[in-house]
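Participant: One structure is given below, represented as structure tokens, and several questions about it will come after.
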Amino acid sequence: MKKTLILFSAGILIAWLSGCSKKDDKTPQETQNKDMAGCLGYASGYANSGVMGAASTYDFKSAQNNQFFAGEVSIQKGFWNNIPAEVHVLYESSADYRNAYASPDGKILFGYEMFYYLVRSFSKIEGSDNLSPLPVDGVLAHEWGHRVQFTVGWTDYAKASYRELEADFFSGYYMGLAKQWLWAQIQTYYNAIYASGDYYYNSPDHHGTPQQRLNAAYAGLTVAVYELNNNVHYTYNQLHSIFNQKVHSEIGARKSNVFPEVEYPKDLTKEKIERLYPTL
């Protein structure tokens, strides 16, 4: 099954880029700072990370962008069964602090600066004026993966990086099960964002090496493909066990960036797919 890539037009790109207003430069008040450990890009000292917007009110200074993000949040809410998340836009203090966070108390904060950074840096499709939604989708799924960890309460991570690699695993899993992307369609995004080498988001000590992160995303994708091809349903605990097995083998040991393409069954329906969404 070949997934049709959903694209954004160049006109929306203009709206995205023109959306960077003075709000980007807002300096957060001390009482509004959010310091969230166990999250994407977290580093101690990042307490002044930004001002949190209202829940379920997504203001990226572009109606198209607001609609796109709200739609993706809705899709992921439906996918991550029994994993509550209150999603907010985070208005970072500057572009240097662009980030996305998940918290133990049920929040996902998706940075305004992070959103536009992903669009500008990773959404352009070579040879086309269109944009891919994959970067934003993938980072949001990574954060929801952290919400799974917080909700279920796993503590058996031998290394701090394993928690982050598992979130990458969940991101790839979402891309496969919910949207049936081919690896060729998403590898470029994962390669770029994991190897971009800017701030703590890419710290090997915190998130694993770029190769390990790529391996984790691919492992998650292949688990989703296996489910779809074999009509197998996994709970979150079963997925966690699968990750723990793979982190010592294909995730931790694989050295090659060449991955076999995945193949989806041809007779998938919305009902068949949704029955396989993970549960507690």
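Participant: Cβ-Cβ distance below 7 Å, separation of 6 or more or different chains: which pairs start in region 262-275 with a residue that is closer than 22 Å to residue 183 by Cβ and end on one that is assigned to a loop (DSSP other than H, G, I, E, B) and among the hydrophobic types (A, V, I, L, M, F, W, C)?
Facilitator: The qualifying pairs are 262/182; 264/1; 265/1; 266/1; 268/1.
Participant: Looking only at region 37-74, which residues are out of contact with any Pro (no Cβ under 8 Å at 6 or more places or on another chain), at pLDDT below 85 and over 18 Å from residue 117 (Cβ atoms)?
Facilitator: First, the residues of region 37-74 that are out of contact with any Pro (no Cβ under 8 Å at 6 or more places or on another chain): 37, 39-47, 52-67, 69-71, 73-74.
Subset that is at pLDDT below 85: 37, 39-47.
Within region 37-74, 37, 44, 45, 47 meet the criteria.
Participant: Going by the conditions given, is residue 105 over 11 Å from residue 143 (Cα atoms), among the acidic types (Asp, Glu) and in contact with a helix residue (DSSP H, G or I) (Cβ under 8 Å, 6 or more places away or on another chain)?
Facilitator: On the way: over 11 Å from residue 143 (Cα atoms): yes; among the acidic types (Asp, Glu): yes; in contact with a helix residue (DSSP H, G or I) (Cβ under 8 Å, 6 or more places away or on another chain): no.
Against the criterion (over 11 Å from residue 143 (Cα atoms), among the acidic types (Asp, Glu) and in contact with a helix residue (DSSP H, G or I) (Cβ under 8 Å, 6 or more places away or on another chain)), residue 105 does not qualify.
Participant: Moving on to the next point. Can you find a residue that is in contact (Cβ under 8 Å) with a residue 24 or more places away in the chain, crowded, with 23+ Cβ neighbours inside 10 Å, among the polar types (S, T, N, Q) and under 14 Å from residue 221 (Cβ atoms) anywhere in region 93-104?
Facilitator: no
Participant: For region 84-101, name all the residues that are farther than 13 Å from residue 49 by Cβ and touching a strand residue (DSSP E or B) at 6+ places or on another chain (Cβ under 8 Å).
Facilitator: Taking region 84-101 first, the residues farther than 13 Å from residue 49 by Cβ are 84-87.
Hits for region 84-101 are 85, 86, 87.
Participant: Here is a further query. Based on what the data block shows, is residue 139 within 21 Å of residue 239 (Cβ to Cβ) and not basic (Lys, Arg)? Lay out the reasoning, then the answer.
Facilitator: Values: within 21 Å of residue 239 (Cβ to Cβ): yes; not basic (Lys, Arg): yes.
Criteria met by residue 139.
Participant: Related question: For residue 175, only one of the following conditions fails: (1) in contact with a Phe, Trp or Tyr (Cβ under 7 Å, 6 or more places away or on another chain); (2) over 29 Å from residue 246 (Cβ atoms). What is its number?
Facilitator: Tallying (1) in contact with a Phe, Trp or Tyr (Cβ under 7 Å, 6 or more places away or on another chain); (2) over 29 Å from residue 246 (Cβ atoms), residue 175 fails exactly one: (2).
Participant: Considering (1) over 22 Å from residue 167 (Cα atoms); (2) crowded, with 19+ Cβ neighbours inside 10 Å, say which one residue 67 fails and leave the rest.
Facilitator: Checking residue 67 against (1) over 22 Å from residue 167 (Cα atoms); (2) crowded, with 19+ Cβ neighbours inside 10 Å, the one that fails is (2).
Participant: How many of the residues in region 84-107 are assigned to a loop (DSSP other than H, G, I, E, B) and within 13 Å of residue 73 (Cβ to Cβ)?
Facilitator: Residues of region 84-107 that are assigned to a loop (DSSP other than H, G, I, E, B), as a first pass: 84-85, 92-94, 98-99, 103-106.
Then keep just the ones that are within 13 Å of residue 73 (Cβ to Cβ); that gives 84-85.
The total comes to 2.
A quick yes/no check of all residues on (1) in a helix (DSSP H, G or I); (2) buried (at least 23 other Cβ atoms within 10 Å of the Cβ):
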| residue | (1), (2) |
| --- | --- |
| 82 | no, no |
| 109 | no, yes |
| 117 | yes, no |
| 121 | yes, no |
| 145 | yes, yes |
| 154 | no, no |
| 163 | yes, no |
| 166 | yes, yes |
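Participant: List pairs: first residue in region 231-250 and touching a residue at least 12 places away in the same chain (Cβ under 8 Å), second residue part of a helix (DSSP H, G or I) and acidic (Asp, Glu) anywhere in the structure, Cβ distance under 6 angstrom, at least six positions apart or on different chains.
Facilitator: As it stands, the answer is 243/166, since those pairs meet every condition given.
Participant: Right, something else. I need the full set of residues from region 241-272 which are within 30 Å of residue 155 (Cα to Cα) and among the β-branched types (Val, Ile, Thr), in order please.
Facilitator: 242, 247, 251
Participant: Can you tell me which residues in region 72-115 are of a type in the set (Gly, Ala, Ser), closer than 24 Å to residue 131 by Cα and more than 15 Å from the chain's Cα centre (by Cα)? Can you show your working first?
Facilitator: Let us first name the residues in region 72-115 that are of a type in the set (Gly, Ala, Ser), namely 74, 78, 85, 93-95, 100, 102-103, 106, 111.
Checking the rest, the ones that are also closer than 24 Å to residue 131 by Cα come to 74, 95, 100, 111.
Correct list: 95 only.
Participant: Another question, then. Hey, residue 77 hits all of (1) outside any loop (DSSP other than H, G, I, E, B); (2) in contact (Cβ under 8 Å) with a residue 12 or more places away in the chain but one; which does it fall short on?
Facilitator: (2)
The values are calculated or read from the model by the stated rules, or taken from the named source; none is laboratory data. All values reported here derive from a predicted model rather than from experimental measurement. Every residue, glycine as well, gets a Cβ built from its backbone with ideal geometry; the counts of neighbours run over all protein chains shown.
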